[in-house]
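For reference, the structure discussed in these notes is given below.
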There are 2 protein chains.
Amino acid sequence: MPAKKYHHGDLENALIQAGVDILFQEGIEGLSLRKVAKRVGVSYAAPYAHFKDRQSLIAAISTEGFKQLYTTLDAAAAAHAGDPKQQLVEAAWAYIQFAMQNTAIFKIMFSGVLEKEKDYPAFVEISHKTFERVVEIVRACQDAGVLRSAPPELMTVSVWGQLHGVISLALEGQISHTVLDRFTIREIVSFGIEQMSLSKT
Amino acid sequence: MPAKKYHHGDLENALIQAGVDILFQEGIEGLSLRKVAKRVGVSYAAPYAHFKDRQSLIAAISTEGFKQLYTTLDAAAAAHAGDPKQQLVEAAWAYIQFAMQNTAIFKIMFSGVLEKEKDYPAFVEISHKTFERVVEIVRACQDAGVLRSAPPELMTVSVWGQLHGVISLALEGQISHTVLDRFTIREIVSFGIEQMSLSKT
DNA sequence: TCTAAAATCTTGACACTGTCAAGATTATCC
DNA sequence: GGATAATCTTGACAGTGTCAAGATTTTAGA
């Protein structure tokens, strides 16, 4: 068991993980550089050896979130290879669940807490990769006649945009109780996908 | 011309307006109670006579944003009375434009900066009213056979969710350039609405 | 292996923030 | 007019992000 060393060893990842933990426990408000540092047991300025500033830490946490989201989506799709429509539905549901179970991280990923995404190549790469993965699923649906023919990226923005919009509004409490009292999120999402589908299952 | 009085006269609204101005000029980062107070020419603790805390000011600004959004949507719909589909398209476009022209306020309204919406009755009221206005437009579309028959609120969440999702992703830079290089936001939105429409125009 | 450079971490400092308490000033109402 | 309430100011405190200077450790080159 190593005693406290001057050098942490893997402070960068430790800080990211501590940030994730804080997000889970206290939400976005509780996330500060100093608190993250304290939680890891390191002085308040130590993070600056690894992150340029606060935004940079947030970018790293977001990147981590996207990695997890990508893995989840990919797994959901892979579990239903050969059935494009089911792939779409389950990937969509995985997206929703990720958002509901990791609300604080989801918001950081998508709700403008991160200001200049372009400055963070790793973030851009994984978020693009995630989008492309969804495009694949959508393209398969189009090939199978589940979704109508159109530029796949455009169709993806349309289908995924709806999904994203519904869950975003739900997380913000912006969906009327006249709806939430009568329909579950899953039903709302299913309805949305059926809306856009050609073949009914 | 009144010289500086000890009592401002209408500090509450002045603070809200100053907050809006700061949002336009500096974005969300620049919004602080002390800066708002300074801009109005009042001491840093003066706002506490009108707003319980920072969240309360943000709630007031969001409420103001919703009032404006409602007016805009209502005007767009009223301009096309008798043509439900056009009402939907133009209201949607008004929504998009509001988001693009008032990005910072839009984000505050919808992106979780405000934590406990329920604590602010005025906010809840106007946001519900706005939702209901959209439901009316959607219902008219259903009656006219433009949108399929379904519970209007559910259909509204679906249609409006898509709109909201697309513009949210766009504002966050999450829409791939392979899409944005080929399609305008208006085209994307139109595509989305056509997706859900029964009758093609 | 020894040493110079680089990486990492600590402490000190500064400006800024939200918030409260105590008191000053002004408006309101009986 | 005088009491009460509303409004505003100043002082204070704990947190915050960030930088600079220096301490410590690792790494790399000879």
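Observations on the model:
- Checking each residue in region A:164-174 for being open to solvent by less than 10 Å² (accessible area, probe 1.4 Å) and among the aliphatic types (A, V, I, L, M) picks out A:Val166, A:Ile167.
- Just so you know, in region B:176-201 the residues that are within 24 Å of the chain's Cα centre (by Cα), open to solvent by 10 Å² or more (accessible area, probe 1.4 Å) and in contact (Cβ under 8 Å) with a residue 12 or more places away in the chain include one that is nearest to B:Thr103 (Cα to Cα), and it is B:Ile185.
- Of all the criteria given as (1) within 16 Å of DNA strand C (Cβ to nearest atom); (2) more than 25 Å from B:Ile105 (Cα to Cα), the one not satisfied by A:Val20 is (1).
- Among residues of region A:5-63, those that are under 19 Å from the mean Cα position of the chain (by Cα), within 9 Å of DNA strand D (Cβ to nearest atom) and not in a helix (DSSP H, G or I), counted: 1
- Region A:29-84, subset more than 14 Å from chain B (Cβ to nearest Cβ) and at pLDDT below 95, residue nearest to DNA strand C (Cβ to nearest atom): A:Ala81
The values are calculated or read from the model by the stated rules, or taken from the named source; none is laboratory data. Owing to the predicted nature of the structure, the values given are computational and were not obtained by experimental measurement. FYI the Cβ positions are ideal-geometry reconstructions off the backbone, even for glycines, and counts take in every protein chain you see. These accessible areas exclude ligands, DNA and RNA; they are computed on the full protein's heavy atoms, side chains included. Shrake-Rupley method; radii C 1.70, N 1.55, O 1.52, S 1.80 Å.
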